[in-house]
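Here is the structure we will look at, set down as structure tokens.
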Amino acid sequence: MDNTGWKPHFSSRMRGMQASEIRELLKVIEQPGVISFAGGIPDPALFPRKAIAQAYSQILADPNRAAKALQYSVSEGDPALRAWIVGHMAGKGVACRPENILITSGSQQALEFLGKLFISPQDTALVAAPTYLGALQAFAPNEPAYDSLGFATTNRTADSYHEAATRAGGAVSFAYVVPDFANPTGETLTRAERLDLLELARDLDIPIVEDSPYSALRFDGDPMPTIQALDLASCGTIDASRVIHCGSFSKVFTPGLRVGWVCASSEIIEHLTLIKQASDLNSPAINQQVMLHLAQTLFDEQIAKTCERYRIKRDLMLAALERHMPEGTTWSRPEGGMFIWLTLPEGQDTVALLQKSIAQAGVAFVPGNAFFADKTGHNTMRLSFSLPKPEEIERGIAALASVLSGG
């Protein structure tokens, strides 16, 4: 008799799925005394708790509104919220209609759906190196290959990308970018780089996934046009655009309500809606109504408050890095967002340094290799300034620098 028990046989797509290194790290560092520069987590002091509580109370106190808010809803999303987003996108230079908008459970769900829509096994996704780890996870079940997008430092042609994808066994599926204050580097694509990416996408005849959760968090400099707006200036209408814009309320209000959106051609939205129906039917209607209330009443005020607080934290971290980091260490200087990217001299391994940093200094960060599709970048790390208290930033950077200096 076989006493080993039944063993499940999983699908091939599970081979590409791995636990988030950041999510696993958060389990380790959630202990007293650890200063965390690891998770890209909004500061909870900024959450508009009173406004959220009032919105829920108002909805639930009205029997008609409550009945609608607590019921199943349309997969495309709340019509009034989609109408608000239409106006928001118009302010970004993107003329669209409600049928160009799909509400998702955060922009992370949008990335999962776009992977399902465009990637067949062995197709190649073009991503920056480094890129957002959550995007790599969202695309992984579709068994893609990856190729690196270059901007200022590349002379790659469309033909070279096409040939590499053919050798990998498929076609180029899309280009994925975080153009503003990117996760993990904090860097922003210039207007010229955005136009170059559009030209490459046209030559390859592929879509561009523009993941834009941080664009409102600009502290310095002039706003950049979205890639979608630049495309519309050329192609004329949203339904002719190859750019798929992913937005989110998580970094402005709160990630807890899980409300994001996709703005794209109506044909793409129709296909994504079918995937949404098969996935979770619809995003929670009551959360969408609460988010609409926040967007209508607090959006500009909330952005100003968030940018003011994060600007202070960024400046404190940049100043501390200047004071304490050992020679040979470099870092990005973001104009907004939540992240700074640190590069150590070649030969350093931030995976090994992380354990030492937590044990000796009580400071956590994310090793940079997590953000590379090929797991290179061992001498890099991501630091997030959004969550730690201002007084923790100086102390934490000084302690981290001591570890990096061998102290």
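Data table
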item	result
The stretch 355-384, residues that are within 17 Å of THR330 (Cβ to Cβ) and of a type in the set (Phe, Trp, Tyr)	PHE365, PHE371
Test result for LEU46, at pLDDT 95 or above and under 30 Å from MET381 (Cα atoms)	yes
Criterion violated by PRO334 - all others in (1) in contact (Cβ under 8 Å) with a residue 40 or more places away in the chain; (2) closer than 19 Å to ALA399 by Cβ; (3) part of a loop (DSSP other than H, G, I, E, B) satisfied	(2)
Residue that is surrounded by the most Cβ atoms within 10 Å (Cβ to Cβ), among those in the stretch 315-330 that are acidic (Asp, Glu) and more than 15 Å from PHE37 (Cα to Cα)	GLU322
Condition check for THR376: farther than 27 Å from ALA135 by Cα and surrounded by fewer than 19 Cβ atoms within 10 Å (Cβ to Cβ)	no
Answer residue from the stretch 234-269, given it is β-branched (Val, Ile, Thr), assigned to a strand (DSSP E or B) and touching a residue at least 60 places away in the same chain (Cβ under 8 Å) and is surrounded by the fewest Cβ atoms within 10 Å (Cβ to Cβ) among those	ILE244
Some residue of the stretch 273-294 being of a type in the set (Gly, Ala, Ser), surrounded by fewer than 19 Cβ atoms within 10 Å (Cβ to Cβ), touching a residue at least 12 places away in the same chain (Cβ under 8 Å) and assigned to a helix (DSSP H, G or I)	yes
Selected residue [in the same structural domain as MET291 (by TED's automatic domain parsing), modelled with pLDDT of 95 or more and over 30 Å from GLN277 (Cβ atoms)] from ALA61, ALA80	ALA61
Residue in the stretch 149-159 that is within 24 Å of CYS235 (Cα to Cα), of a type in the set (Lys, Arg) and either assigned to a helix (DSSP H, G or I) or outside the structural domain of ALA370 (by TED's automatic domain parsing) (or both) present	no
Subset of the stretch 337-395 (residues that are farther than 30 Å from GLU143 by Cβ, part of a strand (DSSP E or B) and among the polar types (S, T, N, Q))	THR343, SER384
Residue match in the stretch 69-76 (condition: part of a helix (DSSP H, G or I) and farther than 30 Å from ALA401 by Cα)	yes
Options ALA164, ALA135; residue that is assigned to a helix (DSSP H, G or I), over 30 Å from ASN282 (Cβ atoms) and small (Gly, Ala, Ser)	ALA164
Enumeration of residues in the stretch 64-83 that are touching a Lys or Arg at 6+ places or on another chain (Cβ under 7 Å) and more than 19 Å from LEU102 (Cβ to Cβ)	none
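The values are calculated or read from the model by the stated rules, or taken from the named source; none is laboratory data. These numbers come from a predicted model, not from an experiment. Quick reminder, even Gly has a Cβ in these numbers, built from the backbone with ideal geometry, and neighbours come from all protein chains shown.
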